[in-house]
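Written out below as structure tokens is the structure these notes cover.
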Amino acid sequence: MYKQLFLGILFLTTASVPFVSGQRTLSIDEVRNLAIENNKNLKIASEQERVAYYNKKEAFSKYLPDISLMGAYLRNQKNLQLIPSSAIPASITVPDLSSIGITLPYPPGTEIPISDDIRNKIRGIGEIDIKNIWVGGVTLVQPLFMGGKIVAYNDIMKNSQQLAAAQKDTKLQDIITEVDAAYWQVVSLADKKTLAGSYKYLLEKMHSDISIMEQEGVATKADVLSVSVKLNEADVALTKVDNGLALSRMALNQLCGLPIEENISLLDEENNIQTQIPSVPELASVEEALTNRSELKSLELATKIYKGKERVARSEFMPNLAFMASYLYTNPSGFDGFDTKFGGMWTLGLTLKVPLNIMSSSAKYNAAKAETRIQQYQLDEAKEKIELQVNQSNFKLSEAYKKYASSEKNMEKADENLRYANVGFEEGVIPASDVIAAHTAWLSAHSELIDSKIDIKLCKVYLNKALGRNLTEK
């Protein structure tokens, strides 16, 4: 009977593996790839990295000359009059020129009026046509010395690009950690569902046997009722595990960007996790974490960025020197008399700006230095926390292996205890209460073994994350 019982458990375990026609079976690597492909935060981080790349290209352009093309057209109401109307008299007095032998047709002192036509012609001589003005030109400005501002700005943008990449890597590691935890949660609940089904099968078999024994008078009604209570508890436990498994699958689907209702199967649900447990690793070193952690890289880059801002603030004290060249076209032009034709000329020169706002520039520089110190303090604090995190992860992994070894021994004892209890119960030398206790111990031992296997998996994931390792490593 004992052999038939465990053959039944084996059949139930095999039958409990979910199978749906056309159902996808995903490995942990495939689940990670789906999550990475569909995660919105990771896509945002990729776009931020792209923004940083183009900002770096824009910063490099500050080294190059700034070339601009300018053009303008003006329509004026009036022309310029160089001869005012008040300067043209209304009449001319005939002078006396007899002393030099000149005789005029008018006697001296005669007032000769000037006509409006003559006055307009006189004014027209001094008229400049500016009703239509055209201006155009090309200007080139080449920075020669900007107090180190351009070099510092380029360093800031270079570090910003690296910072965006480090932040993207941090988000990637967070996503993989979250997906791994959800993956192993599903595997754990799937194993516990199988275990709960096996436990229920054992109780159903015992309930059937004890019912027959009651009819034969070798068991009491109380024995039957106690087994029935345990059977009902097994039904409730199986329902809870089933519901928890369904919700865990939905959560995993959401992380992977799959439809919530899609029923997927995980490769490790069909495998024996026990064969996947590696040997006990050596304790990880803190130095590895300090070298690899993307969070530290981000803080180190942020500190460099603020040092660059210090240099930008310091450049406010420095003079700015630039070379300038331009060519200007105008119409009207006055290069060969004043004419309504296009004319132009080139101009070369240097511009020098010497700042005198020492007080405000000094305040900016001191503020930038304080921000740099803040970043340095945050970096030092992060190193201390990472050191603590690595040590905690080491202890948790070591504890998980010890728990697994203990759980494996407890499981072997629980299996042996259940076997003796079943044999003794069939022989009538062990009461039903002892068999029920053996069943409970068997369920607890197997459940703890499943938990210890999953703990090792998760502890390794969290340790690798604490060390900044590639989480895709097995």
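The values are calculated or read from the model by the stated rules, or taken from the named source; none is laboratory data. All of these numbers come straight from a predicted model, not from anything done at the bench. Glycine also receives a Cβ, built like all others from the backbone with ideal geometry; neighbour counts cover every protein chain displayed. Just so you know, the surface numbers come from the protein's heavy atoms only, side chains and all, with ligands and any DNA or RNA stripped out. Shrake-Rupley method; radii C 1.70, N 1.55, O 1.52, S 1.80 Å.
What the table below lists for this structure:
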read-out: Considering residues of the stretch 102-146 that are over 30 Å from Lys341 (Cα atoms) and under 60 Å from the mean Cα position of the chain (by Cα) only, the residue surrounded by the most Cβ atoms within 10 Å (Cβ to Cβ); value: Met146
read-out: Conditions (1) over 30 Å from Lys43 (Cα atoms); (2) buried (at least 16 other Cβ atoms within 10 Å of the Cβ): number failed by Gln173; value: (1)
read-out: Residues being open to solvent by less than 10 Å² (accessible area, probe 1.4 Å) and of a type in the set (Gly, Ala, Ser) - total across the stretch 197-219; value: 1
read-out: Single residue of the stretch 260-285 satisfying the filter (at pLDDT below 80, not in a loop (DSSP other than H, G, I, E, B) and not hydroxyl-bearing (Ser, Thr, Tyr)) that is farthest from Ser407 (Cα to Cα); value: Gln276
read-out: In the stretch 346-388, the residues that are farther than 27 Å from Met318 by Cα, touching a residue at least 24 places away in the same chain (Cβ under 8 Å) and open to solvent by less than 70 Å² (accessible area, probe 1.4 Å); value: Leu379, Ala382, Ile386
read-out: Count - residues of the stretch 286-299 that are over 17 Å from Gln173 (Cβ atoms) and either buried (at least 20 other Cβ atoms within 10 Å of the Cβ) or in contact (Cβ under 8 Å) with a residue 60 or more places away in the chain (or both); value: 1
read-out: The stretch 26-67, residues that are under 26 Å from Val186 (Cα atoms), without any contact (Cβ under 8 Å) to a residue 24 or more places away in the chain and among the β-branched types (Val, Ile, Thr); value: none
read-out: Matching residues, the stretch 37-61, being open to solvent by 90 Å² or more (accessible area, probe 1.4 Å) and either of a type in the set (Lys, Arg) or not in a helix (DSSP H, G or I) (or both); value: Lys40, Lys43, Arg50, Lys57
read-out: Test: residue in the stretch 147-155 that is touching an Asp or Glu at 6+ places or on another chain (Cβ under 7 Å), assigned to a helix (DSSP H, G or I), in contact (Cβ under 8 Å) with a residue 60 or more places away in the chain and open to solvent by 40 Å² or more (accessible area, probe 1.4 Å); value: no
read-out: Qualifying residue in the stretch 70-79 (condition: open to solvent by 90 Å² or more (accessible area, probe 1.4 Å), in contact with a strand residue (DSSP E or B) (Cβ under 9 Å, 6 or more places away or on another chain), within 30 Å of Asn132 (Cβ to Cβ) and part of a loop (DSSP other than H, G, I, E, B)); value: no
read-out: Cross-chain or 6+ apart pairs with Cβ under 8 Å, the stretch 411-427 first and within 15 Å of Ala219 (Cα to Cα) and open to solvent by 70 Å² or more (accessible area, probe 1.4 Å), then of a type outside the set (Gly, Ala, Ser) and not in a helix (DSSP H, G or I); value: Glu426/Met1
read-out: Candidates Gly334, Gly257, Gly343, Gly244 - the one that is farther than 30 Å from Ser188 by Cβ, small (Gly, Ala, Ser) and either at pLDDT 90 or above or loosely packed, with under 14 Cβ neighbours inside 10 Å (or both); value: Gly334
read-out: Ser160 surrounded by 16 or more Cβ atoms within 10 Å (Cβ to Cβ), of a type in the set (Gly, Ala, Ser), touching a residue at least 60 places away in the same chain (Cβ under 8 Å) and closer than 30 Å to Ala237 by Cα; value: no
read-out: Any chance Ile454 is at pLDDT 90 or above and either within 27 Å of Ala237 (Cβ to Cβ) or in a helix (DSSP H, G or I) (or both); value: yes
read-out: Residues of the stretch 430-444 classified as in a helix (DSSP H, G or I) and either touching an Asp or Glu at 6+ places or on another chain (Cβ under 8 Å) or open to solvent by 20 Å² or more (accessible area, probe 1.4 Å) (or both), total; value: 9
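Yes/no matrix, rows are residues, columns are (1) under 26 Å from Ala466 (Cα atoms); (2) modelled with pLDDT under 90; (3) within 29 Å of the chain's Cα centre (by Cα):
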residue	(1), (2), (3)
Leu388	yes, no, yes
Phe395	yes, no, no
Ala400	yes, no, no
Ser406	no, no, no
Asp415	no, no, no
Asn422	no, yes, no
Glu427	no, yes, no
Ile436	no, yes, no
